[in-house]
Each structure stands twice: as structure tokens, then as C-alpha cells.
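Notes for the one structure printed next.
The values are calculated or read from the model by the stated rules, or taken from the named source; none is laboratory data. Since the model is a prediction, treat every value here as computed from it, not as a measurement. Reconstructed Cβ throughout: ideal geometry from the backbone, glycine too, with neighbour counts over all protein chains shown.
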Amino acid sequence: ARELGSLERVLEEEFRVSCHALCSPDLVEGVRAQVVDKDRTPRWSPPALAEVTGADVERFFAPLGEDRELRLP
């Protein structure tokens with residue numbers, strides 16, 4: 001957060017990451033496992049944290065598009 005320089009920039013990035021997370025199939029899978037089926041055995045993609053790549057993480061920080069970005073003063 002310190003690298004972003006201000007609370008406004010941190011909140012803008014948090015919004016971006018949250019929007020990408022909402023589109024992730026893992027969000028739906030987590031809700032299914034915890035709330036719907038209550039089996040608490042989500043089938044993540046990829047199945048192990050060690051298999052998550054840098055590109056997988058970077059996708060969550062990618063720009064949303066000019067018309068969808070949160071712009072705080």
C-alpha cells in the first residue's frame with residue numbers, strides 16, 4: 001500500500017482486484033463449497049497454491065478498462 005502513495009490509490013487498486021475476483025470461477029466455487037453444498041471441499045483452479053503462476057496473480061491487477069475504473073479525487 002505504501003508504494004501506491006495514497007489511500008485513494010490503494011482503494012482504486014482494491015476495487016480493481018475485487019472486480020477481477022468477482023469474475024473468477026474460484027469465487028463461485030468457494031461459495032458453492034461453503035454456502036450451497038456446505039461440503040467445505042472447494043475444487044480450486046489450479047488445485048494447489050504452488051501451481052498459481054505470477055501471470056495468474058497479475059491478472060487480478062490488470063486494468064478494468066477506462067469506463068470501469070474507480071477514480072477517486
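Quick rundown of the values:
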item: Check on Arg68, at positive phi and modelled with pLDDT of 95 or more; result: no
item: Subset of the stretch 14-54 [farther than 28 Å from Leu70 by Cβ and either in a helix (DSSP H, G or I) or polar (S, T, N, Q) (or both)]; result: Arg32, Ala33, Val36, Thr41, Leu49, Ala50, Glu51
item: Meets criteria (more than 18 Å from the chain's Cα centre (by Cα) and not aromatic (Phe, Trp, Tyr)) for Pro73; result: yes
item: The stretch 47-73 residues that are within 11 Å of Arg16 (Cα to Cα) and in contact (Cβ under 8 Å) with a residue 60 or more places away in the chain, paired with ones that are of a type in the set (Val, Ile, Thr) and surrounded by fewer than 10 Cβ atoms within 10 Å (Cβ to Cβ) (beta carbon under 9 Å, 6 or more apart); result: none
